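The values are calculated or read from the model by the stated rules, or taken from the named source; none is laboratory data. Treat the numbers as computed from the prediction; the structure is a model and nothing was measured. Counting neighbours? That spans all protein chains shown, and the Cβs are built from the backbone with ideal geometry, glycine included.
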Amino acid sequence: MDNGEYQEPLDRATLEARLAELRTEHRDMDEAIERLSDQARFDRLKLQRMKKRKLALKDQILRLEAMLIPDIIA
C-alpha cells in the first residue's frame, strides 16, 4: 500500500472497503493455514510464509482501524 510515493488521502468509504477486503483475506489465510496444517505432510516453508502474510494483513487491518477510529482525547 505504501510505496514511498505521495498518495491522496483516502475517504472513509474507501478505507472501510479496503478494511473489509483485508479482513476477508485474513480470514481466508487463516483457513488455508489450518487446512495445510491438517495435512499429514506439508511444506513448512509455505506454512511459515502464509503465517507471515497473515501477520502482515493483521498489521494493515490495525493501521486502517486506527485511521477510522480516532483517538479520544480526555
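Counting just the residues of the range 20-74 that are loosely packed, with under 15 Cβ neighbours inside 10 Å and among the β-branched types (Val, Ile, Thr), which one comes out farthest from the chain's Cα centre (by Cα)?
Among those that are loosely packed, with under 15 Cβ neighbours inside 10 Å and among the β-branched types (Val, Ile, Thr), it is Ile73.
Test each condition in (1) in contact with an Asp or Glu (Cβ under 9 Å, 6 or more places away or on another chain); (2) modelled with pLDDT under 95 for Asp2 and report the one that comes out false.
Going through (1) in contact with an Asp or Glu (Cβ under 9 Å, 6 or more places away or on another chain); (2) modelled with pLDDT under 95 one by one, Asp2 breaks only (1).
Of all residues in the range 9-19, how many are part of a helix (DSSP H, G or I) and surrounded by 11 or more Cβ atoms within 10 Å (Cβ to Cβ)?
Of the residues in that region, 6 qualify.
Considering only the range 47-74, how many residues are within 27 Å of Arg35 (Cβ to Cβ) and at pLDDT below 85?
0
Quick check on my filter: what residues within the range 57-72 are farther than 11 Å from Glu25 by Cα and assigned to a helix (DSSP H, G or I)?
Passing the criteria: Asp59, Gln60, Leu62, Arg63, Leu64, Glu65, Ala66, Met67, Leu68.
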